[in-house]
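These notes concern the structure reproduced below.
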Amino acid sequence: MEFGRVPAYRLYDIDFTLPPDPAFNNLVLTGNKEDAPKVYLGCSKWGRNEWVGKIYPPHTSEKEFLSCYGHHYNSIELNATHYKIYGEKYIRKWAEKTAGKGFIYCPKMYQGVTHEGKLAGKSRLTNEFLDAVAEFKEQLGPIFIQVSDSFGPSRKTELFDYLAALPRGLQFFLEVRHHGWFDDAATRNELFSFLKQQKIGAVITDTSSRRDCAHMQLSIPKAFIRYVGNSLHPTDYKRIDEWVARIKQWIAQGIEEIYFFMHMHDEAFSPELTVYMVDKLNAACGLKLKKPEFVNQNLLF
């Protein structure tokens, strides 16, 4: 993911401290949940040739990548569905490769709906997309809807009308990026209050130059985090430490589900930072998340 990328020499000048939770979150996290939360950790792609010989066995073919990925992670932020509406045959084929593993797919809404023209009049395309991803069946997780960087509050009515018309039987999360959603307190509060009313989650995007997108706002008792690292720069580890502390806090407050997706400007290094995070999370929160298993453990050091 290139969103929010800055040159490496600027990273030490950025304050990566996560902001405190807004008071609004107290209306969402009531602390009443007794069961342990469901925690899902993954990346945005499984087709990484750089992982062959690292976490995929040597000589692994591309057709085996997804099965191998499912051995190391329990979910994926499925960006492929943003660029094409895949037929039900493809979806079933993917689902078969991870069946029986408790694996979850979180597909990204097709760009023909969200990035091409207005949202109005997109019910046919939306339904075509939703009918396809429904073939994931019990492996279908939240669907996340990202609107473009230029999609600002001036299009609020258009956005709200579209979201209000979505089917109630599915879980959706929304990602907004335009500065206007965050700069004005009234606009920000209206957006997240609307999402809470509609039971739609708010995507939290933690990337270097857009600290406003790491807003920490929860509109439902579930979190969807898109973390963008900088290829194992020292600041990556301090940022993960912050996330472990925040997730521990949310668990104590009764959060129900957490989806954390690891992005890198160089995706070759996502497994290393995932191992670091899982070790920290399991130790701090008493979880039993699985982590990538390296073909050669020496590659971790």
Checklist outcome for this item: Subset of segment 193-238, residues assigned to a loop (DSSP other than H, G, I, E, B), in contact with a Ser or Thr (Cβ under 9 Å, 6 or more places away or on another chain) and among the polar types (S, T, N, Q), comes to 208, 219, 230
Next on the checklist: Out of the residues in segment 12-53 meeting the condition of being of a type in the set (Lys, Arg), part of a loop (DSSP other than H, G, I, E, B) and out of contact with any helix residue (DSSP H, G or I) (no Cβ under 6 Å at 6 or more places or on another chain), tell me which one is surrounded by the most Cβ atoms within 10 Å (Cβ to Cβ).
Outcome noted: 45
Checklist outcome for this item: Within segment 100-150, residues within 16 Å of residue 78 (Cα to Cα), of a type in the set (Lys, Arg) and loosely packed, with under 15 Cβ neighbours inside 10 Å come out as 137
Item to check | Neighbours by Cβ (under 7 Å, 6+ apart or cross-chain): first from segment 224-236, over 14 Å from residue 206 (Cβ atoms); second in a loop (DSSP other than H, G, I, E, B) | outcome: 231/265; 231/266
Checklist entry - How many of the residues in segment 119-150 are more than 20 Å from the chain's Cα centre (by Cα) and within 21 Å of residue 190 (Cα to Cα)? => result 3
Item to check | Candidate set from segment 69-99 (those that are loosely packed, with under 15 Cβ neighbours inside 10 Å and among the small types (Gly, Ala, Ser)); member that is farthest from residue 40 (Cα to Cα) | outcome: 87
Checklist outcome for this item: Here the residues within segment 59-90 that are of a type in the set (Ser, Thr, Tyr) and closer than 22 Å to residue 289 by Cβ are 67, 69, 73, 75
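Laboratory data are not the source of any read-out in this text; all were calculated from the coordinates shown. Here the structure is a predicted model, which is why all the values come from computation and not from measurement. Positions of Cβ are generated from backbone atoms using ideal geometry, with glycine treated the same way; all protein chains shown enter the neighbour counts.
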